[in-house]
1. What are the pairs with Cβ atoms under 8 angstrom where one residue, in the range 37-66, is modelled with pLDDT under 85 and the other, located anywhere, is small (Gly, Ala, Ser)? Sequence gap at least six, or different chains.
2. VAL3 is checked against (1) loosely packed, with under 12 Cβ neighbours inside 10 Å; (2) of a type in the set (Val, Ile, Thr); (3) in contact with a Phe, Trp or Tyr (Cβ under 9 Å, 6 or more places away or on another chain) and fails just one. What number does that condition carry?
3. Looking for something among the hydrophobic types (A, V, I, L, M, F, W, C) and touching a helix residue (DSSP H, G or I) at 6+ places or on another chain (Cβ under 8 Å) - is there at least one such residue anywhere in the range 43-62?
4. Identify, from the list ASN45, ASN68, the residue that is over 27 Å from the mean Cα position of the chain (by Cα) and not β-branched (Val, Ile, Thr).
5. Identify all residues within the range 11-40 that are surrounded by 12 or more Cβ atoms within 10 Å (Cβ to Cβ), more than 14 Å from ILE61 (Cβ to Cβ) and among the β-branched types (Val, Ile, Thr); write none if there are none.
6. Name the residue, out of VAL14, VAL29, that is modelled with pLDDT of 95 or more and part of a loop (DSSP other than H, G, I, E, B).
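The values are calculated or read from the model by the stated rules, or taken from the named source; none is laboratory data. If you're wondering where the values come from, they're calculated on a predicted model, not measured in any experiment. Backbone-built Cβ (ideal geometry, glycine too); neighbour counts: all protein chains shown.
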Amino acid sequence: MKVVAVVLDLGAFVAGLLAARYWWRASRVDVVNPSYDPHTGVAPNPDYEQMGWTVGTLQAIAEAGRLNAIAAKLTAAAVLLGTVGNLVGVLGCW
């Protein structure tokens, strides 16, 4: 029974570390202007440059939100695994 508790707690530890990694990645998403040409250093059409930054910002927000959603699910898994692991260890169930 102690082995089950240790395995569950290790699962919680791994899930918690993965969640932290995804939250770190979500905080590092860069805004990129999709209309910007890195080779020439200018936007193909200057009239659309601001629109490119708006699109890039929306894409960055969507990517950060996707990464945050994964991190939240991993955190929930870590809490669940940790709680069950602790209950198994304390109560000696299973």
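1. Pairs that qualify, where the first residue is modelled with pLDDT under 85 and the partner is small (Gly, Ala, Ser), are ASP37/ALA43; ALA43/SER35; ALA43/GLY52; PRO44/SER35; ASN45/SER35; TYR48/SER35; GLU49/SER35; GLU49/ALA43.
2. (3)
3. Scanning the range 43-62 turns up at least one residue that is among the hydrophobic types (A, V, I, L, M, F, W, C) and touching a helix residue (DSSP H, G or I) at 6+ places or on another chain (Cβ under 8 Å).
4. Matching residue, one of ASN45, ASN68: ASN45.
5. VAL14
6. VAL29
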